[in-house]
Amino acid sequence: MQDCIFCKIANREIPADIVYENEQVLVFKDVNPAAPVHLLVIPKKHISTLFDLSEGDSGILGQVQLAAVRVARELNLGEQGFRLVCNCGREAGQVVMHIHYHLLAGRPFQWPPG
Ligand code: AMP
């Protein structure tokens, strides 16, 4: 989608530090990390928010989560664990309107989140 920063990253129109890619999913480093490990896991297909998912997108979401776990394993996070967060909408803190999951690790996290 034009004017979507994450579509531009997926299309290599703007640079990003990409750590994993397959046909449907891209994983890259968050430019403003909130933890020692802070990656963004996105479907290459433009879907603005979780509310915009359709039944046919269930496979994509599975691919997103599998990619997150694959990268977490590659980073040896099996012992310490990681957090996978998807902000949906304004009050949840979603700023970029292209579904993305934050993969966070490398420090303890609080619950509930602020
Ligand atoms: P959210 O608040 O859930 O929409 O998260 C958007 C995230 O995208 C933030 O953590 C930003 O730091 C990150 N971000 C924005 N632009 C870029 C970019 N060009 N490359 C990597 N991360 C980005």
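The values are calculated or read from the model by the stated rules, or taken from the named source; none is laboratory data. Keep in mind that this is a model prediction, so the values were computed, not measured. For neighbour counting, all protein chains shown are included, and Cβ atoms are generated from backbone atoms with ideal geometry for every residue, glycine included. The area values use the complete protein model at the heavy-atom level, side chains included, leaving out ligands, DNA and RNA. Shrake-Rupley method; radii C 1.70, N 1.55, O 1.52, S 1.80 Å.
For the reader, a short list of remarks on this structure follows.
- Of all residues in region 41-64, those being out of contact with any Asp or Glu (no Cβ under 7 Å at 6 or more places or on another chain) and either closer than 13 Å to Glu21 by Cα or in a loop (DSSP other than H, G, I, E, B) (or both) number 12.
- Taking the criterion of being among the polar types (S, T, N, Q), near the ligand (Cβ under 10 Å from one of its atoms) and over 16 Å from Cys4 (Cβ atoms), the only residue of region 15-52 that qualifies is Asn32.
- Scope region 84-105; condition more than 15 Å from Pro43 (Cα to Cα), open to solvent by 40 Å² or more (accessible area, probe 1.4 Å) and either among the β-branched types (Val, Ile, Thr) or in contact (Cβ under 8 Å) with a residue 40 or more places away in the chain (or both); matching residues: Val95
- Any pair with Cβ under 7 angstrom, 6 or more apart, that starts in region 31-46 at a residue that is within 15 Å of Phe109 (Cα to Cα) and open to solvent by 50 Å² or more (accessible area, probe 1.4 Å) and ends at one that is part of a strand (DSSP E or B) and within 11 Å of the ligand (Cβ to nearest atom): Ala34/Leu104
- Residue count for region 68-87, restricted to those that are within 12 Å of the chain's Cα centre (by Cα) and either part of a loop (DSSP other than H, G, I, E, B) or of a type in the set (Asp, Glu) (or both): 2
- Scope region 1-24; condition open to solvent by less than 50 Å² (accessible area, probe 1.4 Å) and of a type in the set (A, V, I, L, M, F, W, C); matching residues: Cys4, Phe6, Cys7, Ile9, Ala10, Ala16
- Restricting region 53-83 to residues that are in contact (Cβ under 8 Å) with a residue 12 or more places away in the chain and basic (Lys, Arg) leaves a set whose member that is nearest to the ligand (Cβ to nearest atom) is Arg83.
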